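The values are calculated or read from the model by the stated rules, or taken from the named source; none is laboratory data. Keep in mind it's a predicted model, so treat the numbers as computed, not measured. Cβ sites come from the backbone with ideal geometry, for glycine too, and all protein chains shown count toward neighbours. For the accessible areas, the whole protein counts, side chains as well, though only heavy atoms, and no ligand, DNA or RNA atoms are used. Shrake-Rupley method; radii C 1.70, N 1.55, O 1.52, S 1.80 Å.
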Amino acid sequence: MANEMRKVDAVIVGFGWVGAIMAKELTEAGLNVVALERGPHRDTYPDGAYPQSIDELTYNVRKKLFQDLSKSTVTIRHDASQTAVPYRQLAAFLPGTGTGGAGLHWSGVHFRVDPIELRMRSHYEERYGKHFIPEGMTIQDFGVTYDELEPFFDKAEKVFGTSGSAWSIRGKVVGKEKGGNPFAPDRSDNFPLPAQKRTYSAQLFAQAAESVGYHPYDLPSANTSGPYTNTYGAQMGPCNFCGFCSGYACYMYSKASPNVNILPALRQEPKFELRNNAYVLRVNLSDDKKRATGVTYVDGQGREQVQPADLVILSAFQFHNVHLMLLSGIGKPYNPITNEGTVGRNFAYQNLSTLKALFDKNTTTNPFIGAGGAGVGVDDFNADNFDHGPLGFVGGSPFWVNQAGTKPISGLPVPAGTPNWGSKWKAAVADTYTHHLSMDAHGAHQSYRANYLDLDPNYKDAYGQPLLRMTFDWQENDIKMAQFMVGKMHKIAEAMNPKMIIGGAKKPGTHFDSTVYQTTHISGGAIMGDDPKTSAVNRYLQSWDVPNVFVPGASAFPQGLGYNPTGMVAALTYWSAKAIREHYLKNPGPLVQA
């Protein structure tokens with residue numbers, strides 16, 4: 001029989017960026033808060049201690065900081081006619097586990113959002129007409145505007161210690177000669193730190209992009225360009241471009257993470273408790289299913305525990321938020337046949353395409369140097385910064401060189417036709433490793449009726465619960481967009497005069513391949529909006545069906561973004577937390593009437 005713990009004001013499920021932000025905000029409001037993290041305790045020390053922390057075999061190959069798929073995973077199929085099978089080897093996407101979650105192993109690319117992407121359906125219908133959006137595409141508006149979120153983007157950047165080059169501040173252009181992005185929305189304040197220095201690869205990319213008429217800018221990076229103390233009093237050291245960011249805890253305290261930027265402040269808070277190795281099974285509901293009473297979890301000793309709480313925050317990775325809602329009976333599961341229901345709807349990913357430019361021995365790029373968020377991008381074809389009318393697809397893509405450190409085991413580009421091993425392979429590696437650069441079209445992925453999440457009828461996790469099933473494949477719109485973007489990005493590569501360009505766009509008929517890493521930018525499934533018939537949570541990330549449950553995170557995105565999602569996730573979490581503090585706690589109940 002489960003042991004019942006002492007009741008608290010709020011229980012938070014998952015302790016990555018979202019859980020840490022919510023814990024800080026709610027303890028500041030005077031609440032007693034317990035955070036439950038399924039993985040082990042992790043911190044910059046000892047997990048980020050040098051030199052063990054830059055062990056590629058342990059972290060990138062054996063994937064120490066990522067989810068243990070032997071206990072829980074997802075099943076994957078391309079369409080509803082197939083039987084899904086479990087995702088048993090981490091490859092395409094890499095959910096984190098342990099204190100800090102994906103916020104400990106992320107790279108540090110820290111964007112805001114293009115305002116158009118917050119009102120995707122409305123914008124496209126207004127500019128191109130309702131019939132421009134393909135049949136079966138289910139994109140919709142977020143239900144919140146950039147102007148409403150701007151103060152929270154600013155707050156998050158000051159917590160993260162973000163480095164960057166602003167274009168305009170309060171309507172005044174300041175970044176024309178300083179690496180700013182002319183397509184970026186206006187800001188209320190500058191970045192906390194100036195942009196990081198450009199690697200040689202980034203310099204080559206910027207020069208080439210300018211030469212073909214594009215507008216290069218410094219990527220906003222949550223890797224510090226200098227020493228910094230954030231708004232919570234947490235200290236960060238300057239990044240040394242060691243190249244071990246994505247997949248690693250930063251030994252320099254230079255990469256923003258919940259562990260470095262928020263947890264030190266929470267440790268001083270007697271109203272906060274973090275419990276590791278706490279695997280949440282479900283949210284417990286009242287008899288009428290309209291109120292959460294807490295959660296049930298399994299602790300590190302395998303004992304079932306009940307944690308009662310007045311407020312439940314689901315702040316885990318996108319998959320886990322949706323999974324818990326389905327397991328707990330919160331919201332109506334999505335039915336792709338009828339297009340009804342909300343939980344599992346609008347699952348989306350990232351439409352990534354990569355080119356690699358290989359140079360002769362006279363061009364040395366030193367790719368082992370790098371920082372996770374450092375680089376140069378162009379937004380000429382992001383969002384709707386170009387005319388989609390004659391092109392026949394929805395969505396856009398930034399292009400960039402983001403030199404994050406090419407590793408000696410997993411990052412060895414060689415020309416097509418090179419053997420997979422042996423003396424010829426070694427010679428090709430020696431010939432290309434220090435003489436190449438990689439560039440990405442980081443395409444926004446749209447949501448479709450055919451791509452969704454539900455409970456798998458065949459497979460269960462280590463605790464006997466149905467696994468989450470992912471029905472997902474690339475659609476015609478994705479292929480069209482990728483091919484267009486790679487064509488435009490190819491012009492930048494050609495302008496560098498390399499001896500060879502390898503890589504390219506998806507071809508018609510290409511299926512999603514779960515064995516090759518793409519990004520961990522997975523979104524949707526518990527999406528936000530203004531209509532409870534088409535969204536699982538309202539504009540404040542509050543469940544329409546169970547109003548004392550809030551579900552912040554990328555699971556709330558109605559479709560994917562061109563930019564990396566972390567900045568948007570953080571801003572939405574601060575936005576939601578303010579609504580809880582200023583409105584919900586004073587009058588518990590729905591913040592928006594259905």
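Hey, among the residues in the stretch 380-422 that are without any contact (Cβ under 8 Å) to a residue 12 or more places away in the chain and surrounded by 13 or more Cβ atoms within 10 Å (Cβ to Cβ), which one's farthest from Arg127 (Cα to Cα)?
This residue is Thr418.
Can you pull out every residue in the stretch 523-539 that is crowded, with 22+ Cβ neighbours inside 10 Å and under 9 Å from Gly143 (Cβ atoms)?
If the condition is that a residue be crowded, with 22+ Cβ neighbours inside 10 Å and under 9 Å from Gly143 (Cβ atoms), then Met528, Gly529, Ser535, Asn538, Arg539 are the ones that fit.
Which of the residues belonging to the stretch 268-319 are within 14 Å of Arg38 (Cβ to Cβ), over 27 Å from the mean Cα position of the chain (by Cα) and small (Gly, Ala, Ser)?
If the condition is that a residue be within 14 Å of Arg38 (Cβ to Cβ), over 27 Å from the mean Cα position of the chain (by Cα) and small (Gly, Ala, Ser), then Gly300, Gly302 are the ones that fit.
Check whether at least one residue in the stretch 394-404 is more than 24 Å from Lys197 (Cα to Cα) and at pLDDT below 95, and report yes or no.
Checking the stretch 394-404: not a single residue is more than 24 Å from Lys197 (Cα to Cα) and at pLDDT below 95.
Of everything in the stretch 329-343, what is among the hydroxyl-bearing types (Ser, Thr, Tyr), open to solvent by less than 20 Å² (accessible area, probe 1.4 Å) and farther than 10 Å from Leu453 by Cβ? Give them in sequence order.
Thr342
What number of residues within the stretch 44-71 are open to solvent by less than 20 Å² (accessible area, probe 1.4 Å) and within 20 Å of the chain's Cα centre (by Cα)?
Number of matching residues: 5.
Just one of Gly180, Gly161 is modelled with pLDDT of 95 or more and at positive phi; which is it? Steps first, please.
Values: Gly180 fails: at positive phi.
Going through Gly180, Gly161 in turn, the sole match is Gly161.
Given the options Met500, Met485, Met489, name the one that is touching a strand residue (DSSP E or B) at 6+ places or on another chain (Cβ under 8 Å), on the phi < 0 side of the Ramachandran plot, among the hydrophobic types (A, V, I, L, M, F, W, C) and surrounded by fewer than 18 Cβ atoms within 10 Å (Cβ to Cβ).
Residue meeting the stated conditions: Met500.
What is the residue count in the stretch 475-510 for residues that are part of a loop (DSSP other than H, G, I, E, B), aliphatic (A, V, I, L, M) and under 24 Å from the mean Cα position of the chain (by Cα)?
1
If I ask for residues that are open to solvent by 10 Å² or more (accessible area, probe 1.4 Å) and aliphatic (A, V, I, L, M), which ones from the stretch 540-556 would you list?
Scanning the stretch 540-556 gives a single hit, Ala554.
Can you tell me which residues in the stretch 111-164 are part of a strand (DSSP E or B) and more than 20 Å from the chain's Cα centre (by Cα)?
Within the stretch 111-164, just Met137 meets the criteria.
Just for strands (runs of 3 or more DSSP E) wholly inside the stretch 203-300: which have at least 1 residues that are open to solvent by 40 Å² or more (accessible area, probe 1.4 Å)? Show your work before the answer.
Details: elements: 216-218, 272-275, 279-285, 292-298.
It comes to 272-275, 279-285, 292-298.
Val429 versus (1) under 28 Å from His521 (Cα atoms); (2) open to solvent by less than 30 Å² (accessible area, probe 1.4 Å): which is the lone unmet condition?
Checking Val429 against (1) under 28 Å from His521 (Cα atoms); (2) open to solvent by less than 30 Å² (accessible area, probe 1.4 Å), the one that fails is (1).
Kindly provide the set of residues from the stretch 558-594 that are assigned to a helix (DSSP H, G or I) and either of a type in the set (Ser, Thr, Tyr) or closer than 25 Å to Asn451 by Cα (or both), ordered by number.
Answer for the stretch 558-594, where residues must be assigned to a helix (DSSP H, G or I) and either of a type in the set (Ser, Thr, Tyr) or closer than 25 Å to Asn451 by Cα (or both): Thr566, Gly567, Met568, Val569, Leu572, Thr573, Tyr574, Ser576, Tyr584.
Condition check: open to solvent by less than 10 Å² (accessible area, probe 1.4 Å), outside any helix (DSSP H, G or I) and either at pLDDT 95 or above or not aliphatic (A, V, I, L, M) (or both). Does Thr83 satisfy that? So that I can check it myself, show each step before the final result.
Values: open to solvent by less than 10 Å² (accessible area, probe 1.4 Å): no; outside any helix (DSSP H, G or I): yes; either at pLDDT 95 or above or not aliphatic (A, V, I, L, M) (or both): yes.
Here the answer is no, as Thr83 does not meet what is asked.
Which numbered condition trips up Ile76, out of (1) surrounded by fewer than 23 Cβ atoms within 10 Å (Cβ to Cβ); (2) of a type in the set (A, V, I, L, M, F, W, C); (3) part of a loop (DSSP other than H, G, I, E, B)?
(3)
Which members of the stretch 88-110 meet the condition of being assigned to a loop (DSSP other than H, G, I, E, B) and either of a type in the set (A, V, I, L, M) or within 20 Å of Tyr448 (Cβ to Cβ) (or both)?
Leu90, Ala91, Ala92, Phe93, Leu94
Mind listing just one residue for me: the one in the stretch 442-467 that is more than 19 Å from the chain's Cα centre (by Cα) and open to solvent by less than 10 Å² (accessible area, probe 1.4 Å) and, of those, nearest to Met325 (Cα to Cα)?
If we take residues in the stretch 442-467 being more than 19 Å from the chain's Cα centre (by Cα) and open to solvent by less than 10 Å² (accessible area, probe 1.4 Å), then Leu467 is nearest to Met325 (Cα to Cα).
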